[in-house]
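The values are calculated or read from the model by the stated rules, or taken from the named source; none is laboratory data. Everything numeric here is computed off the predicted structure, so don't read it as measured data. Cβ: placed from backbone, ideal geometry, glycine included. Neighbour counts: every protein chain shown. Accessible surface areas use protein heavy atoms only, side chains included; no ligands, DNA or RNA. Shrake-Rupley method; radii C 1.70, N 1.55, O 1.52, S 1.80 Å.
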Amino acid sequence: MIARPGRDPWAAVPYGRVLKAALALYEKDRAMAEQRLAGLKKQNDETQAPAYEQKLRDQLEKGYGSLRSSNPSRWQTRQAATEREITFNREQAARRANPQRDKDGKWYWNPVDALEEANRRLAALATDEAARPACFAPATDRDGRYAIPGMIVPSGSVAGCEELVTHNRAYFDPALPRSAAQLILVRSLGRCATVENGRLVGRKVQPGLSPPHGCQRHVPIWEAMDWTKLGALLAR
């Protein structure tokens, strides 16, 4: 993107506005966690039911029942293995249906806590703080955080947070004619190349494309372009 000199195409977004808008994303993560938990609880109910145990015993009988008389020792081994499987599966199902605040339960508690934190911040929001620029602080642990993997905070309150911006409506001068270029945007540059030490470096592309197209054509054009002259086309 090449912008007009002295004009910023981006404008800061008020913290209160972003936090309120982001609430739906925190709620979405929480809803996904609750949906997953509901499925695990249903699975646990099925595993604890007598029918589940009977199903495994029927499978044992169907597959290895003949060993009871032909090979009693092997039958006892198979029978003991089934007993262990029933016990293990029931313990595992019960544990999964009741997530704790440990590494195995983060998928549930992370989005729950994030929503509570967002609601708490919104409820305690003062007018002057709501007007501060907003930024996004990525979560260190993103388990269960899919729709919004971080917290919306006032700019400067957390180290490493990313400033949140929107289009600056005041950037464009409506008094200029429609023929006056006010913004130049080169699309797909990031898909084809990176900027390293002030110069374009093309990404590796599949060799042997016939005829050459896409990034194979775009990158040489960009490399040969006089970007200073291109920027001079913008209205001053």
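Here are the numbers for the structure shown:
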| read-out | value |
| --- | --- |
| Members of region 72-114 found to be under 24 Å from residue 54 (Cα atoms) and open to solvent by less than 60 Å² (accessible area, probe 1.4 Å), listed by number | 75, 80, 81, 82, 86, 89, 90, 92, 93, 94, 97 |
| Of all residues in region 20-47 being in contact (Cβ under 8 Å) with a residue 12 or more places away in the chain and of a type in the set (Gly, Ala, Ser), the one that is surrounded by the most Cβ atoms within 10 Å (Cβ to Cβ) | 33 |
| Residue among 9, 50 that is exposed (fewer than 13 other Cβ atoms within 10 Å of the Cβ) and farther than 22 Å from residue 149 by Cβ | 50 |
| All helices (runs of 4 or more DSSP H) inside region 184-236 with 1 or more residues being in contact (Cβ under 8 Å) with a residue 60 or more places away in the chain | 227-231 |
| Residue check for residue 67: open to solvent by less than 40 Å² (accessible area, probe 1.4 Å), more than 30 Å from residue 186 (Cα to Cα) and either without any contact (Cβ under 8 Å) to a residue 12 or more places away in the chain or touching a His at 6+ places or on another chain (Cβ under 9 Å) (or both) | yes |
| Check on residue 84, in contact with a strand residue (DSSP E or B) (Cβ under 8 Å, 6 or more places away or on another chain) and charged (D, E, K, R) | no |
| Single condition residue 120 does not satisfy, out of (1) open to solvent by 60 Å² or more (accessible area, probe 1.4 Å); (2) touching a residue at least 60 places away in the same chain (Cβ under 8 Å) | (2) |
| Pair list, Cβ < 8 Å and 6+ apart or interchain, from region 169-181 residues that are part of a loop (DSSP other than H, G, I, E, B) to residues that are of a type in the set (S, T, N, Q) | 172/182; 173/182; 176/182 |
| Meets criteria (modelled with pLDDT under 85 and either surrounded by 13 or more Cβ atoms within 10 Å (Cβ to Cβ) or out of contact with any Ser or Thr (no Cβ under 9 Å at 6 or more places or on another chain) (or both)) for residue 198 | yes |
| Near pairs, Cβ below 6 angstrom, 6+ apart or cross-chain, from region 85-113 (under 22 Å from residue 147 (Cβ atoms)) to any residue that is exposed (fewer than 14 other Cβ atoms within 10 Å of the Cβ) and at pLDDT 95 or above | 109/101 |
| Index of the failed condition, residue 99 passing every other in (1) under 30 Å from residue 65 (Cα atoms); (2) assigned to a loop (DSSP other than H, G, I, E, B) | (1) |
| Identity of the residue in region 131-183, of a type in the set (Lys, Arg) and open to solvent by 50 Å² or more (accessible area, probe 1.4 Å), that ends up farthest from the chain's Cα centre (by Cα) | 178 |
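Yes/no matrix, rows are residues, columns are (1) modelled with pLDDT of 95 or more; (2) of a type in the set (S, T, N, Q); (3) farther than 30 Å from residue 153 by Cβ:
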position: 44; (1), (2), (3): yes, yes, yes
position: 48; (1), (2), (3): yes, yes, yes
position: 56; (1), (2), (3): yes, no, yes
position: 85; (1), (2), (3): yes, no, yes
position: 95; (1), (2), (3): yes, no, yes
position: 105; (1), (2), (3): yes, no, no
position: 109; (1), (2), (3): yes, no, no
